[in-house]
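Student: Pasting in a structure now, in structure tokens, and then I'll have a few things to ask.
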Amino acid sequence: MTKNESVLNWIENMKKLVNPDNVMWIDGSEEQLNQLRAEACSTGEMIKLNEEKLPGCYLHRTAVNDVARVEGRTYICSRKEEDAGPTNNWMEPQAAYKMLFDIAKDSYKGRTMYVIPYSMGPIGSPFAKIGVELTDSIYVVMNMSIMTRVGEKVWDVLGDSNDWVRGLHCKCNIDEEKRYICHFPEDNTIISVNSGYGGNVLLGKKCFALRIASYQGKTEGWMAEHMLILGLENPKGEVKYITAAFPSACGKTNLAMLIPPEGYRAKGYKVWTVGDDIAWMRIGPDGRLWAINPENGFFGVAPGTNEKSNPNALHTTGKGTIFTNVVHNLDDNTVWWEGLDKNPPEHAENWKGEPWNGKTSTEKGAHPNSRFTAPAKNCPCISSEFENGAGVPISAIVFGGRRAQTTPLVYQSRDWNNGVFVGSIMASETTAAATGAVGVVRRDPMAMLPFCGYHMGDYFKHWIEMGEKLGDKAPKIFNVNWFRLDDEGNFIWPGFGDNLRVLEWIINRCEGKVDAQETAIGYVPYAEDINLEGLDFSVDTLKSILAVDKDQWTKEAEGIEEFYKKFGDKLPQELRDQLNTLKANLAK
Ligand code: GTP
Ligand code: SPV
Ligand code: MN
């Protein structure tokens, strides 16, 4: 426990509001967690899975109306509306507090309040920040205990400081019409009501580590980004670090845990995972950009994860993992999801808990946004730098999205500001990670559209200013697209492990080892510079997905111009200039 007065006062106030029967301080011990696991199993909140096949693993089902982030009900409650910007929902803070407190009032009656002290980043390390989440959900306690560093040590490090993020979560009745995920960046506060799902309720993740932290980063001169971090080791044993920002369900976990193709493995190439979703980045003492992963686990998409696509992720989920909204195989008390193998269970329950036969059913068994929550330490390829509070130095920043057409497999920006432009014009087809239509192309700058805690125009400016500070030590900036489709709707590029072939080109570019062709949008590889050895893939097909189609890009430029209008005079002049350069290049 703690004697910190700002903590004790806040908890006292929240207690009066939500009115719990009991209060339990989470201390991070296995004994306490075991007690909670047993309780959750006795009430049906959790199902204990086969201890031999999946030791320490549990299954949880959320309410049917509560399966993804709800962007339409997510708010930035800055004092001034302008500070939330045109891409966020905004509510006036006093009105928001009043509305939320009315919903939360007495909502813990008959329930226990769990007090979770947690650190984002290794406890006590220079990058790390502290949060306290109050919740009435054991599922949240169990997930936060995997995803963040929880326990007594957090109080020791916090001492009597007031520098911590307040988080109140109330399940209430999981009423969709009263569901709100609200952020008060100026008060370091998050309030989430009427949900029990992932990104809506694990407040250390998107709410703190991106929305609140991006605002802190802007104020304090660092960056909080929706990025994986990986280390690419070459046969000489040298490791270069890359961060990559892709929108939700567009391949971050998969790239972060990539297994190199056969030929590369034989030569000694390896990929090490530092993070799969969030990067906090600062300028280090040497003037370079350094990144940590503030999380301690992976909240990964289950469907499509299999022994071929991502064996590292699959092995990571072999123990101590919580599965949410997957199929329950009743024959051996294990789990299944679409794309795990070609052998769906016949005697099973679907993600809703209804009887389900994988051989005869025409409906999917697992929800498309079903997830695993797995400890990072389980990952066979976890980086030796994972616990290093100083982070890793970044050589390249990669942007990418899901685009059936237009965007080539890979290209490099001309310089930092051109790279910021490339990030700002990112677009991607929407996925099941958020509620709403799937497959619609939308602009998603830096994959931060749903996660930037302040005005996106100011966010672009912050990127430009970070580049000015980094100068010639700035990482090089690239864009990738693994998702080009052929006329039959099949992916053209094999993706997954073979993406290493593209990462190799990226690192070669960073080291000035390979030439490239300048196009209207930036530097594109010469096809022969992407190694296709061991792959049944023709150079002509490669050329087709490296090509920059002027007509498509002219349309693209119109779309960018339209999108940029949103930002009015908050759009940095540097980006306006970049758009004009693109248009001029295309008109040549
Ligand atoms: P969030 O956790 O929501 O932020 O998602 P993520 O960006 O970590 O995405 P993830 O790696 O879980 O991948 C999401 C989906 O994209 C899965 O269905 C993958 O199978 C698919 N995917 C990942 N990499 C590739 C690739 O290189 N090619 C193709 N075709 N699909 C891919
Ligand atoms: C995402 O949607 O980008 C996720 C899952 O990583 S969630 O934690 O629900 O945001
Ligand atoms: Mn994510």
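Student: Looking at the chain only, what percent of DSSP beta bridges run antiparallel? Nearest 5 please.
Tutor: On the way: 61 of 94 bridges.
For the chain, the DSSP antiparallel bridge percentage is about 65.
Student: By the scheme Lys and Arg +1, Asp and Glu -1, what is the net charge of all other residues having a beta-carbon under 12 Å from that of MET1?
Tutor: Working: positive: LYS3; negative: ASP27, GLU152, ASP156.
Result for the local shell: -2.
Student: Could you size up the charge dipole of the range 424-558 around its Cα centre, putting +1 on the beta carbon of Lys and Arg and -1 on that of Asp and Glu, and report it in debye to the nearest 20?
Tutor: It comes to approximately 580 debye.
Student: Okay, moving on. Hey, what D do you get for the range 1-158 in µm²/s if you plug the Kirkwood alpha-carbon radius into Stokes-Einstein at 10 °C and 1.306 mPa s? Could you put the intermediate results ahead of the total?
Tutor: Numbers: Rh = 18.0 Å.
The estimated diffusion coefficient comes to 88 µm²/s.
Student: Between SER29 and ALA95, with labels modelled 7 Å along Cα→Cβ, what's the label distance in nm to one decimal, could you check?
Tutor: 4.8
Student: Ranked by Cβ crowding within 10 angstrom, fewest neighbours first, how are TRP482, TRP290 ordered? Write down the numbers at each step before the final one.
Tutor: Numbers: TRP482 25, TRP290 21.
Placing the least packed residue first, the sequence is TRP290, TRP482.
Student: Right, here's the next one. If you filter the range 106-155 for trypsin sites (Lys or Arg not before Pro), then keep DSSP loop positions with at most 13 other Cβ within 10 Å, what is left?
Tutor: Details: sites: LYS109, ARG111, LYS129, ARG149, LYS153; in loops: LYS109, ARG111.
Answer by residue number: LYS109.
Student: Any chance you could give the angle, 0 to 90 degrees and rounded to 10, that helix 93-104 forms with the longest Cα principal axis of the chain?
Tutor: Between the helix axis and the principal axis of the chain, the angle is about 50 degrees.
Student: Another question, then. Taking 7 Å along the Cα-to-C-beta vector as the label spot, tell me the ASN9-LYS80 distance in nanometres, rounded to one decimal.
Tutor: Rounded to a tenth, the inter-label distance reads 2.7 nm.
Student: May I pose another question? Cα gyration tensor of the range 71-214, axes a ≥ b ≥ c as square roots of the eigenvalues: rounded (a/c below 1.5), prolate (a/b > b/c) or oblate? Intermediate values should be presented prior to the final figure.
Tutor: Numbers: a/c = 1.81, a/b = 1.20, b/c = 1.51.
Taking the square roots of the gyration eigenvalues as a ≥ b ≥ c, the range 71-214 is oblate.
Student: Return the long-range amide H neighbours of ASP444 (sequence gap of 5 or more, or a different chain), with a cut-off of under 5 Å between placed amide H atoms.
Tutor: Correct list: MET426, ALA427, SER428.
Student: Label LEU485 and ASP160 with points 7 Å out from Cα along Cα→Cβ: what is the distance between them in nm?
Tutor: 6.2
Student: So, one more: Fewest Cβ neighbours within 10 Å first, please rank VAL398, VAL64 accordingly. Write out the running numbers ahead of the final one.
Tutor: On the way: VAL398 25, VAL64 12.
Fewest-to-most ranking of VAL398, VAL64: VAL64, VAL398.
Student: Taking amide H positions as placed 1.01 Å from N in the peptide plane, with prolines and chain starts having none, which residues 5 or more places from VAL398, or on another chain, fall under 5 Å of its amide H?
Tutor: Answer set, sorted by chain and number: THR243, ALA244, ALA245, PHE478.
Student: I would also like to ask the following. Loop only per DSSP, at most 15 neighbouring Cβ atoms within 10 Å: give me the GluC sites (Glu not before Pro) in the range 28-110, ordered by residue number.
Tutor: On the way: sites: GLU30, GLU31, GLU39, GLU45, GLU51, GLU52, GLU71, GLU81, GLU82; in loops: GLU45, GLU51, GLU52.
Passing both the DSSP loop test and the Cβ count: GLU51, GLU52.
Student: Give me ASP472, ASP187 ranked fewest to most by other Cβ atoms within 10 Å of their Cβ, as a rough exposure proxy.
Tutor: Values: ASP472 6, ASP187 15.
The fewest-first ordering by Cβ neighbours comes to ASP472, ASP187.
Student: Between beta-carbons, use under 14 Å as the cut-off and find the net charge around GLY471, counting Lys and Arg +1, Asp and Glu -1.
Tutor: -1
Student: When only DSSP loop residues count, what GluC sites (Glu not before Pro) in the range 160-243 have their Cβ near at most 13 other Cβ atoms within 10 Å?
Tutor: GLU238
Student: So how much slack lies between LYS48 and LYS377, counting 0.36 nm per residue of separation and subtracting their Cα-Cα distance, in nm?
Tutor: Details: separation 329, 0.36 × 329 = 118.44 nm, distance 2.12 nm.
Gain on stretching LYS48 to LYS377: 116.3 nm.
Student: Add +1 for every Lys or Arg and -1 for every Asp or Glu among the other residues with Cβ under 12 Å from the Cβ of PHE483, and state the total.
Tutor: Values: positive: ARG402, ARG403, ARG484; negative: GLU429, ASP486.
Local charge sum for PHE483: +1.
Student: Which of rounded, prolate or oblate describes the range 255-320 when judged by the alpha-carbon gyration tensor and an a/c cut-off of 1.5?
Tutor: Values: a/c = 3.00, a/b = 1.37, b/c = 2.19.
Here the range 255-320 falls in the oblate category.
Student: I've got another one for you. For the range 190-238, what class follows from the C-alpha gyration tensor (a ≥ b ≥ c being the square roots of its eigenvalues): rounded when a/c is under 1.5, otherwise prolate if a/b is larger than b/c, else oblate? List each step's numbers first, then the result.
Tutor: Numbers: a/c = 6.05, a/b = 1.78, b/c = 3.40.
Note, shape of the range 190-238 comes out oblate.
Student: Karplus couplings for the range 3-11 from phi (6.51 cos²θ - 1.76 cosθ + 1.60, θ = phi - 60°), rounded to Hz, Gly and Pro as x?
Tutor: 9, 4, 5, 5, 5, 4, 5, 5, 5
Student: Just want to confirm a number: the relative contact order over the range 297-378, from Cα pairs under 8 angstrom separated by 6+ residues, in percent. The partial results should precede the final answer.
Tutor: Values: 168 pairs, mean separation 34.9, N = 82.
It comes to 43 percent, rounded to a whole number.
Student: For the chain, evaluate the Debye formula with one uniform point scatterer on each Cα (no solvent term) and list log10 I(q)/I(0) at q = 0.07, 0.08, 0.12 Å⁻¹, rounded to two decimals.
Tutor: The Debye formula, applied to the Cα set alone, gives -0.40, -0.53, -1.25.
Student: For the range 440-456, just list the computed ³J(HN,Hα) in residue order, Karplus coefficients 6.51, -1.76 and 1.60, θ = phi - 60°, integers in Hz, with x standing in for Gly and Pro.
Tutor: 8, 6, 9, 5, 9, x, 6, 6, 10, 3, x, 10, 7, x, 8, 5, 4
Student: What translational diffusion coefficient, to the nearest whole µm²/s, does the range 297-378 have by Stokes-Einstein, given a Kirkwood radius computed over alpha-carbon pairs, a temperature of 10 °C and 1.306 mPa s viscosity?
Tutor: Details: Rh = 12.6 Å.
So the translational diffusion coefficient is about 126 µm²/s.
Student: Going by amide H atoms built from the backbone, whose H comes under 5 Å of the H on THR62, apart from near neighbours?
Tutor: Amide H neighbours of THR62, under 5 Å, 5+ apart: ASN325.
Student: Then there is this: How high is the FRET efficiency between ASP286 and GLU518 when r is their beta carbon distance and R₀ equals 25 Å, given to the nearest 0.05?
Tutor: On the way: r = 31 Å, r/R0 = 1.22.
Efficiency computed from Cβ-Cβ geometry: 0.25.
Student: Quick check: the distance between the Cα centres of the range 207-286 and the range 337-394, to the nearest angstrom?
Tutor: 21
Student: Using a Förster radius of 22 Å, what is the FRET efficiency between ASN306 and SER544 based on their Cβ-Cβ separation? Nearest 0.05, please. All intermediate terms of the calculation are to be shown ahead of the outcome.
Tutor: Details: r = 28 Å, r/R0 = 1.28.
Efficiency, rounded to the nearest 0.05: 0.20.
Taken together, the values in this text are just the output of simple stated rules run on the coordinates, not laboratory data. None of these values were measured; they are calculated from a predicted model. Neighbour counts run over all protein chains shown; Cβ positions are idealised from the backbone, glycine included.
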